[in-house]
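A quick write-up on the structure given underneath.
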Amino acid sequence: MKAIKSSSKKQNEEKDKTSPLINSRQTDFHSLYTKAVNLYKKQFANWQAGTAVDLYPIRLEIVPLLKIALENPKTILSLHHFSNIQDYIYHHAISVGLISSFLAKKLSYSKGDIIQLGLAGALIDCGMSKIQPRIMNKKETLSQSEYEEVKQHPILGYKMLKGITGIKESVILSVLQHHEREDGSGYPLGTRGSRLNIYSRITAIADVFHAMTSERLYRSKQSPFKVLEQMQLDQFGKFDPKILNILVNELSVFSVGTKVELTNGQVGEIVFIDPHSHTRPMVKIDESNEIKRTDLYIENILT
């Protein structure tokens with residue numbers, strides 16, 4: 001018994017030693033993230049006023065943020081929690097940059113490409129600075145003419161970045177093509193399949209994932225796992241399957257015993273994982289010990 005107590009005490013001491021480090025990393029990330037969002041907001045206002053894009057300050061904020069986020073993939077899953085309706089477009093820029101870099105790392109890209117994709121994700125909506133503010137901030141459904149104006153933002157962004165040094169041509173193409181789809185159903189040019197730049201394929205997935213999991217002026221946020229399932233099934237053929245599967249597999253890597261919160265607020269523990277349905281593990285509810293896999297989705301990972 002003494003040996004067991006001693007071992008348990010040692011484990012607790014180890015936890016006490018590591019906890020401040022974990023908390024420190026979380027604090028560092030949130031601080032750097034908030035700083036990056038605020039800087040992007042200022043840059044966006046400058047673009048609205050006609051100032052040319054300056055990559056240096058954006059890169060300065062993105063790079064240290066990437067380092068922390070990529071060390072903890074679960075951070076990528078929780079980015080939508082930081083976003084708010086009023087400043088959505090600025091949160092979206094930084095988050096898409098982080099998700100794009102995360103995917104690049106999982107694709108074994110070089111450090112340089114990982115950073116470039118972080119910039120690509122952050123810049124995909126820079127062209128929105130040229131869209132009328134009344135349209136950007138409209139709470140009601142856009143009229144057809146307003147929607148057509150919004151659909152011009154990839155072209156506007158492409159023109160803003162064309163000729164700027166310090167970024168690859170792939171970054172500029174990703175700004176132009178991030179709303180294009182594999183089956184040719186996207187915009188602004190209806191580009192499809194092999195004609196899509198690889199950066200564009202990555203940022204397209206990051207863009208949709210964060211947009212659908214975030215609170216918007218005209219749409220409520222959805223569970224990340226519900227969104228991943230929808231992207232696999234409902235939007236089949238629109239995204240590069242290899243890249244999408246990486247996002248699904250990496251963000252749905254659970255272990256039996258993981259504590260999760262469901263979309264109805266119930267808390268439970270994962271008891272079984274179906275390898276063919278990563279986004280729908282079986283969960284034992286804490287309050288009732290009931291085991292369920294229903295239409296509910298996982299909202300948060302608690303442990």
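The values are calculated or read from the model by the stated rules, or taken from the named source; none is laboratory data. Just so it is clear, the structure is predicted and the values come from calculations on it, not from any experiment. Note that each Cβ is placed from the backbone with ideal geometry, even for glycine, and that neighbours are counted across all protein chains shown. Heads up: the accessible areas ignore ligands, DNA and RNA and are worked out on the full protein's heavy atoms, side chains in. Shrake-Rupley method; radii C 1.70, N 1.55, O 1.52, S 1.80 Å.
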Next item on the list: Of the numbered conditions (1) under 15 Å from Ile124 (Cβ atoms); (2) over 22 Å from the mean Cα position of the chain (by Cα), Gly190 fails exactly one; give the number of that condition.
Entry: (1)
Checklist line | Criterion: surrounded by fewer than 18 Cβ atoms within 10 Å (Cβ to Cβ), in a loop (DSSP other than H, G, I, E, B) and not charged (D, E, K, R) - qualifying residue of Asn300, Asn289 | finding: Asn289
Margin query: I'm trying to understand the selection: among the residues of region 34-74, which are open to solvent by less than 60 Å² (accessible area, probe 1.4 Å), more than 18 Å from Ser100 (Cβ to Cβ) and among the aromatic types (Phe, Trp, Tyr)?
Written below: Phe44, Trp47
Note to self: I need the full set of residues from region 122-146 which are loosely packed, with under 11 Cβ neighbours inside 10 Å, of a type in the set (D, E, K, R) and assigned to a helix (DSSP H, G or I), in order please.
What the structure shows: Arg134
Next item on the list: Take the residues in region 236-265 that are among the charged types (D, E, K, R) and touching a Gly at 6+ places or on another chain (Cβ under 9 Å), then tell me which one is surrounded by the most Cβ atoms within 10 Å (Cβ to Cβ).
Entry: Lys238
Checklist line | Matching residues in region 49-87 - criterion: being outside any helix (DSSP H, G or I), of a type outside the set (Gly, Ala, Ser) and closer than 12 Å to Tyr33 by Cα | finding: Phe82
Check: Which condition number in (1) at pLDDT 90 or above; (2) in a loop (DSSP other than H, G, I, E, B) is the one that Gly166 fails?
Finding: (1)
Item checked: Only one of Glu250, Glu215, Glu229 that is of a type in the set (Asp, Glu), assigned to a loop (DSSP other than H, G, I, E, B), closer than 30 Å to Thr191 by Cα and in contact (Cβ under 8 Å) with a residue 24 or more places away in the chain -> Glu215
Item checked: region 177-195, residues that are polar (S, T, N, Q) and without any contact (Cβ under 8 Å) to a residue 12 or more places away in the chain -> Ser194
Item checked: Set Ile155, Ile94, Ile172: member being open to solvent by less than 20 Å² (accessible area, probe 1.4 Å), at pLDDT 95 or above and over 20 Å from Phe209 (Cβ atoms) -> Ile172
Notebook entry, point to check: What residue, of Ile198, Ile205, is surrounded by 14 or more Cβ atoms within 10 Å (Cβ to Cβ) and in contact (Cβ under 8 Å) with a residue 60 or more places away in the chain?
Noted result: Ile205
Margin query: Quick test for you: out of Gly184, Gly193, Gly237, pick the one residue that is small (Gly, Ala, Ser), out of contact with any helix residue (DSSP H, G or I) (no Cβ under 7 Å at 6 or more places or on another chain) and within 30 Å of Ile273 (Cα to Cα).
Written below: Gly237
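Polar (S, T, N, Q) and under 24 Å from the mean Cα position of the chain (by Cα): is that true of Gln266 in this structure?
no
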Note to self: Against the conditions (1) buried (at least 18 other Cβ atoms within 10 Å of the Cβ); (2) in a helix (DSSP H, G or I), where does Thr191 fall short? Just the number, please.
What the structure shows: (2)
